[in-house]
Amino acid sequence: MSDKAELLLKPKRFYKAAAAAPTEGGFAVQLDGRTPKSPAKKPLVLPTKALADLVAAEWEAQVEFIDNSLMPATRLAFTAIDRVSETRAEVAREITAYAASDHLCYRAESPKALVERQEREWGAILEWAKAEHGLAFTPVAGIIHQPQPSSTLASVEALALTLDDFTLTGAAFAAGLFGSTVLALAVRAGRLTGQRALDLSRLDEIYQAEQWGEDAEAKARAEALAVEAAMIERWFAALRA
């Protein structure tokens with residue numbers, strides 16, 4: 001499909017200004033004073049002004065056409081409003097599933113420098129999870145699945161269910177992005193930046209790139225992931241504001 005054809009499939013920007021405004025139940029994104037609706041026809045209302053500002057900024061940044069691919073916080077907000085509010089238990093189980101095979105628990109067997117880096121950097125975050133949330137994980141060398149303690153997984157699920165819809169949505173997104181519930185929780189708490197969590201999730205790739213160089217495709221993928229990591233960091237920070 002040509003670029004021109006793709007543009008024709010995108011709605012034209014129909015508003016002059018996007019901003020956040022207080023409303024019943026939180027803060028609404030408003031386009032020339034009117035609140036846009038989600039795909040399920042629910043108003044785009046966020047729990048904090050900072051989060052509404054974040055989403056409104058994406059709408060304001062649109063130029064001639066509205067490009068949803070450039071609006072990750074808006075898409076996440078719609079997910080929270082339309083899906084997560086109705087499927088909290090299912091989303092909590094998704095987060096628990098990432099914990100059951102948390103990326104930080106699968107360590108390299110060699111080379112020694114990589115093994116030591118994982119032990120030092122991943123180990124520090126696992127220790128934080130234990131101290132902060134009482135979550136005890138069992139690291140293993142290699143890629144063979146290692147069951148995690150049932151008590152830990154039960155605690156993860158219980159913790160997830162205590163989160164509000166928007167934080168729960170962000171946690172599920174971050175767990176998928178990083179392949180790690182522990183990293184998701186650390187970004188949610190402000191313990192790690194999104195970029196730092198992404199770097200930890202890619203520690204093996206980064207080590208290999210340091211040894212052999214990084215190809216263009218891997219670099220482009222890392223840059224795309226970094227945009228999402230920065231967004232989820234801002235998402236959690238806005239919810240804490």
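The values are calculated or read from the model by the stated rules, or taken from the named source; none is laboratory data. Please read all numbers here as calculations on a predicted model, not as lab measurements. Virtual Cβ from ideal backbone geometry, glycine too; neighbours counted across all protein chains shown. For the accessible areas, the whole protein counts, side chains as well, though only heavy atoms, and no ligand, DNA or RNA atoms are used. Shrake-Rupley method; radii C 1.70, N 1.55, O 1.52, S 1.80 Å.
Which whole-number percentage describes the relative contact order of the chain, with Cα contacts under 8 Å and a sequence gap of 6 or more? Computed over the chain, the figure is 19 percent.
Spacing of the modelled spin labels on Thr87 and Asp32, each 7 Å from Cα toward Cβ, amounts to 3.5 nm.
Rounded to the nearest 5, the antiparallel percentage of DSSP beta bridges internal to the chain is 85%.
One compactness figure for the stretch 8-59 is 1.12, namely its Cα radius of gyration divided by 2.2 N^0.38 Å. Selection among Ala189, Ala220, Leu203 by position relative to the dipole of the stretch 180-241 gives Ala189 as farthest towards the positive end (Cβ unit charges, Cα centre).
Please report the carbon-and-sulfur percent of the accessible area for the stretch 19-159; probe 1.4 Å, protein heavy atoms only, DNA, RNA and ligands left out. All intermediate terms of the calculation are to be shown ahead of the outcome.
Working: 3980 of 7180 Å².
Of all accessible area on the stretch 19-159, carbon and sulfur atoms account for 55 percent.
Note the full-extension length gain between Ala226 and Ser69 as 0.36 nm times their separation in residues minus their Cα-Cα distance, in nm to one decimal. Don't skip to the answer; put the middle values down first.
Details: separation 157, 0.36 × 157 = 56.52 nm, distance 1.47 nm.
The span from Ala226 to Ser69 would gain 55.0 nm if fully extended.
Amide H contacts of Ala28 (H built 1.01 Å from N, in plane; Pro and chain starts excluded): Ala21, Thr23, Leu46 sit under 5 Å, all sequence-distant by 5 or more or on other chains. The shape of the stretch 51-90 comes out prolate: with a ≥ b ≥ c from the C-alpha gyration tensor, a/c is at least 1.5 and a/b beats b/c.
Accessible surface calculations at 1.4 Å, restricted to protein heavy atoms, place the chain at 52 Å² per residue.
What is the distance in Å between the Cα centroid of the stretch 26-62 and that of the stretch 151-230? If you average the Cα positions of each part, the centres end up 26 Å apart. The gain in end-to-end length when the Ala136 to Glu109 segment is fully stretched comes to 7.6 nm, 0.36 nm per residue minus the alpha carbon separation. Here the label points at Glu217 and Glu157, each 7 Å from Cα along the C-beta direction, are separated by 3.9 nm in the simple model.
Anisotropy class assigned to the chain is oblate, per the alpha carbon gyration tensor with a/c at or over the 1.5 cut-off and a/b no larger than b/c.
Does the stretch 98-241 classify as rounded, prolate or oblate by the C-alpha gyration tensor (a ≥ b ≥ c root eigenvalues; a/c under 1.5 gives rounded; else a/b over b/c gives prolate, otherwise oblate)? It is oblate, given that a/c is not under 1.5 and a/b is not larger than b/c. Taking the Cα centre of the stretch 1-87 as origin and assigning +1 to Lys and Arg Cβ atoms and -1 to Asp and Glu Cβ atoms, the resulting dipole is close to 220 debye. Per atom type, the stretch 177-241 shows carbon and sulfur on 51% of its accessible surface, probed at 1.4 Å.
Against the chain, whose longest principal axis comes from its Cα atoms, helix 112-133 is set at around 60 degrees.
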